[in-house]
Every structure is written in C-alpha cells, then in structure tokens.
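Structure, as structure tokens:
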Amino acid sequence: MDSIKDTARKVVDLYVDGFRNMTVGRKLWAIILIKAALLFLVFKLFFFPDLLKENYDNDDDRARAVAEQLTTR
C-alpha cells in the first residue's frame, strides 16, 4: 500500500513541478481555460434551453414529467 502512495505522490509531484516551472505554458493554459469557459457558456445559453422551466409552471409538474419520461422508456 505504501508503494502505491509513493508512486502516486511522485506522479503528483512531477505534474506540480512541471506546471510550476512553465513560462509560456501558463499563458497557453490560461487561454485554453478561458476559451473552454466561454464555449460552455455559449452552448449553455443558446443550445440547451431549460425546457422544463419553459413547459411547466411548478416543481411538482416538472418532477411528474421527468418521472413519466423515465418510466415510459
């Protein structure tokens, strides 16, 4: 069990040390994370509307609709 912990710790140290010593890579990772966040927001807003909120007035109706869809399939 200790060898697994030691190996896991070495792997974590390798990645932490690698990210700590990056110069250009930090900027690239920042760009990647910002781009991913923006893409998520755009997809969430425009491509995944909240159909339950639009089609049902209260939580009981929404829960009933979800339960019906899960049990009929």
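The values are calculated or read from the model by the stated rules, or taken from the named source; none is laboratory data. All figures in this text were calculated on a predicted structure; none of them were measured in a lab. All Cβ positions, even for glycine, are placed from backbone atoms using ideal geometry, and neighbour counts span all protein chains on display.
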In segment 11-36, what count of residues is obtained for those that are in a helix (DSSP H, G or I) and in contact with a helix residue (DSSP H, G or I) (Cβ under 9 Å, 6 or more places away or on another chain)?
5
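Which of the residues that make up segment 60-73 are part of a helix (DSSP H, G or I) and exposed (fewer than 10 other Cβ atoms within 10 Å of the Cβ)?
Correct list: ASP60, GLN69, LEU70, THR71, THR72.
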Count of residues meeting criterion [exposed (fewer than 10 other Cβ atoms within 10 Å of the Cβ), of a type in the set (D, E, K, R) and under 24 Å from the mean Cα position of the chain (by Cα)] in segment 1-52:
2
Quick check: is even one residue across segment 37-46 among the basic types (Lys, Arg), at pLDDT below 95 and in a helix (DSSP H, G or I)?
yes
